[in-house]
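Single-structure report; data block below.
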Amino acid sequence: MMWAVSTPKLSRLLSKKRACALRLITWNINSVRLRLDLVAHLVKETAPDVLCLQETKVIDDLFPSAALAEMGFTHQHFYGIKGYNGVAILSKRPFTATKRLDWVGRTDGRHIAVELKLKNKPAIEVHNIYVPAGGDEPNPETNEKFAHKLAFLTELTRWFGDKKNHTQPLVLVGDLNIAPLQTDVWSHKQLLKVVSHTPIEIDHLEALRQTANFVDAVRHIIPVEEQLYSWWSYRSRDWKTNNRGRRLDHVWVTPQLSENIHAAQILSDARDWIRPSDHVPVIVDLKE
DNA sequence: ATGGTTGAGAATCAA
């Protein structure tokens, strides 16, 4: 087994998982087959109960189910298309339900959900979402990809809005491809017209958040004053020195779960792993 | 203002 990484201090840096906690990780992995060894490393170091991946980039027939089951994820729900996108929810705990959701008339592997039981709580529904990146130009009139991104968020907002009267606790994670806060980007001013940090996207994301009064679990733990990123472009000579990151990956929970948020961390070390994804894992522990 | 890199999978497309 080739361990791609040796960061011996990693486990020491991680806050310890409580015995009675559900550890949830979201990670845009940018090809699950190419980075199976990194998944194994992550799992060994952090022991997540539920691992949500985006950009698996593999059709279901070729999904590496057996290897992931060997890592302890005997419960798996995934949906991938050829070449790009693709989402997976890997779990050590059984699901009580699974579903796939499709938006803007496409079946393009961007949203799946599972239901699972927490101790002493009603079953929670975990949504794993990969929001379209949106292309380069932040104008829906001229850029079809940006129009798609906004339409995707609008449809999600309508759907979660319709669920509003339900009392089921929800967790929404994924690569939302939007960095909402000023401290979620390396330069608020320089990114105001850059897709991922434009006001119109942030408004759309905020509308989605408000449908179920979702709480940003990471910012619930880490103060908004603190610069925080989960993605650094491959197109940077030295990501660490330039540190031109953005926080595109999120974990949200509905209010009845917010008091259960025990810890949250962004594993920026992972950006230095061998052949890294451009995104790093985001970890949230929920007390049970 | 521009260019810079990576992955899938076979010429570009997506990010």
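The values are calculated or read from the model by the stated rules, or taken from the named source; none is laboratory data. Predicted, not measured: the structure shown is a model, and the values here were computed from it. A quick note on method: Cβ atoms are made from the backbone with ideal geometry, for glycine too, and the neighbour counts reach across all protein chains shown.
Return the pair list, or none, for Cβ contacts closer than 7 Å from residues in segment A:255-282 that are among the aliphatic types (A, V, I, L, M) to residues that are within 12 Å of DNA strand B (Cβ to nearest atom), at least 6 apart or on different chains.
Matching pairs, first to second residue: A:A270/A:P276; A:I274/A:A4; A:V280/A:R271; A:V282/A:D249.
Just checking, does segment A:156-167 include any residue being away from DNA strand B (no atom under 13 Å from the Cβ) and under 17 Å from the mean Cα position of the chain (by Cα)? Reasoning before the result, please.
Narrowing segment A:156-167 to residues away from DNA strand B (no atom under 13 Å from the Cβ): A:156-167.
With under 17 Å from the mean Cα position of the chain (by Cα) added as a condition, the list becomes A:156.
Checked against the condition, which is being away from DNA strand B (no atom under 13 Å from the Cβ) and under 17 Å from the mean Cα position of the chain (by Cα), segment A:156-167 yields at least one hit.
How many residues are touching a strand residue (DSSP E or B) at 6+ places or on another chain (Cβ under 7 Å) and among the β-branched types (V, I, T) when one looks only at segment A:44-66?
Filtering segment A:44-66 for residues touching a strand residue (DSSP E or B) at 6+ places or on another chain (Cβ under 7 Å) gives A:46-56, A:60, A:63, A:65.
Now restrict to residues that are among the β-branched types (V, I, T): A:46, A:50, A:56.
Total meeting the criteria: 3.
In segment A:71-96, how many are buried (at least 18 other Cβ atoms within 10 Å of the Cβ), within 16 Å of DNA strand B (Cβ to nearest atom) and not small (G, A, S)?
4
Is segment A:101-120 home to any residue that is within 23 Å of A:T254 (Cα to Cα) and either among the hydroxyl-bearing types (S, T, Y) or in contact with a Cys (Cβ under 6 Å, 6 or more places away or on another chain) (or both)?
Taking segment A:101-120 first, the residues within 23 Å of A:T254 (Cα to Cα) are A:101-103, A:110-120.
Narrowing further to those that are either among the hydroxyl-bearing types (S, T, Y) or in contact with a Cys (Cβ under 6 Å, 6 or more places away or on another chain) (or both): none.
So far as segment A:101-120 goes, no, none of its residues is within 23 Å of A:T254 (Cα to Cα) and either among the hydroxyl-bearing types (S, T, Y) or in contact with a Cys (Cβ under 6 Å, 6 or more places away or on another chain) (or both).
Evaluate segment A:128-146: report whether one residue or more is in contact with a Ser or Thr (Cβ under 8 Å, 6 or more places away or on another chain), at pLDDT 95 or above and within 30 Å of A:A19 (Cα to Cα).
Scanning segment A:128-146 turns up at least one residue that is in contact with a Ser or Thr (Cβ under 8 Å, 6 or more places away or on another chain), at pLDDT 95 or above and within 30 Å of A:A19 (Cα to Cα).
Tell me whether segment A:166-178 contains one or more residues that are out of contact with any strand residue (DSSP E or B) (no Cβ under 9 Å at 6 or more places or on another chain) and assigned to a helix (DSSP H, G or I).
No, segment A:166-178 has no match at all.
Of all the residues that make up segment A:168-184, how many are over 17 Å from the mean Cα position of the chain (by Cα) and either surrounded by fewer than 14 Cβ atoms within 10 Å (Cβ to Cβ) or touching a residue at least 12 places away in the same chain (Cβ under 8 Å) (or both)?
Going residue by residue through segment A:168-184, those that are over 17 Å from the mean Cα position of the chain (by Cα) are A:168-169, A:182-183.
If we keep only those that are either surrounded by fewer than 14 Cβ atoms within 10 Å (Cβ to Cβ) or touching a residue at least 12 places away in the same chain (Cβ under 8 Å) (or both) too, we end up with A:168-169, A:183.
Matching residues across segment A:168-184 total 3.
Surrounded by fewer than 16 Cβ atoms within 10 Å (Cβ to Cβ), over 20 Å from A:L68 (Cβ atoms) and of a type in the set (A, V, I, L, M, F, W, C): which single residue out of A:W103, A:W159 fits that description?
Working: A:W103 fails: surrounded by fewer than 16 Cβ atoms within 10 Å (Cβ to Cβ).
Residue meeting the stated conditions: A:W159.
Any idea which residue in segment A:118-128 is nearest to A:D102 (Cα to Cα), counting only those that are free of Cβ contacts under 8 Å to residues at least 60 places away in the same chain and crowded, with 16+ Cβ neighbours inside 10 Å? Give the steps one after another, and end with the answer.
Restricting attention to segment A:118-128, the residues satisfying the condition of being free of Cβ contacts under 8 Å to residues at least 60 places away in the same chain are A:122-123, A:125, A:127.
Cutting the leftovers down to crowded, with 16+ Cβ neighbours inside 10 Å gives us A:125, A:127.
Working: A:E125: 17, A:H127: 12 Å.
Here the residue is A:H127.
Taking A:V32, is it assigned to a loop (DSSP other than H, G, I, E, B) and modelled with pLDDT of 95 or more? Give the steps one after another, and end with the answer.
Numbers: assigned to a loop (DSSP other than H, G, I, E, B): yes; modelled with pLDDT of 95 or more: yes.
It is true that A:V32 is assigned to a loop (DSSP other than H, G, I, E, B) and modelled with pLDDT of 95 or more.
Run A:D136 past the list (1) within 18 Å of A:H279 (Cα to Cα); (2) within 16 Å of DNA strand B (Cβ to nearest atom) and report the number of the one that doesn't hold.
Failed condition: (1).
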